[in-house]
């Protein structure tokens, strides 16, 4: 299996059961190589948020731009500076400005869904996991095991955890809504404290409490 191209389509229907060639570790080297490639059209901007600075990255795709990265500065798995593309002010790029505006609305508690095309680069397995993440609604949570079951095999939970941890589009693809089997907060590339803060923000906006 080779790493997939970025997809900008809405999350597909529930995935079929995985075959042997779809196992999470089947193309680690290919996936890493694919993510290392830098598109000439890639641009990024820095945005201040209540939880620290974030980097928003766009990539040119057929028909326009799409969000290919949203990282808390310094988080795990953040690309190197030469992989981010050309830095720009959000005000000079309408797409990145729209992404920054929607992120601001999310932190203000007035936005529950993002209206942005996403083109995250990853392996076929990662793409399937990330598509499932986009179905986890605002203020709700799921577990790694539940995601694995949706892929047809609960024993894939560890691989699902790795894919969730490598999600390159934080918040917009809501990996922070995935908990351990016992309901505990587990690893988050941006830090567990941020994960709890994001969940608390959503619960507060809904008038409910998770923690």
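Can we say residue 203 is more than 29 Å from residue 61 (Cβ to Cβ) and part of a helix (DSSP H, G or I)? So that I can check it myself, show each step before the final result.
Details: more than 29 Å from residue 61 (Cβ to Cβ): yes; part of a helix (DSSP H, G or I): yes.
Against the criterion (more than 29 Å from residue 61 (Cβ to Cβ) and part of a helix (DSSP H, G or I)), residue 203 qualifies.
In the range 64-81, the qualifying residues are those that are in contact (Cβ under 8 Å) with a residue 24 or more places away in the chain and over 15 Å from the mean Cα position of the chain (by Cα), and the one that is nearest to residue 174 (Cα to Cα) is 65.
Here the range 111-133 is the region considered, the condition is being surrounded by fewer than 17 Cβ atoms within 10 Å (Cβ to Cβ) and touching a residue at least 12 places away in the same chain (Cβ under 8 Å), and the residue that is farthest from residue 51 (Cα to Cα) is 115.
Bear in mind these aren't lab numbers, they're just calculated from the coordinates by the rules spelled out. Since the structure is predicted, the reported quantities are computational estimates derived from the model, not experimental observations. Because the Cβ atoms are built from the backbone with ideal geometry, glycine has one as well, and the counts that use them run over all protein chains shown.
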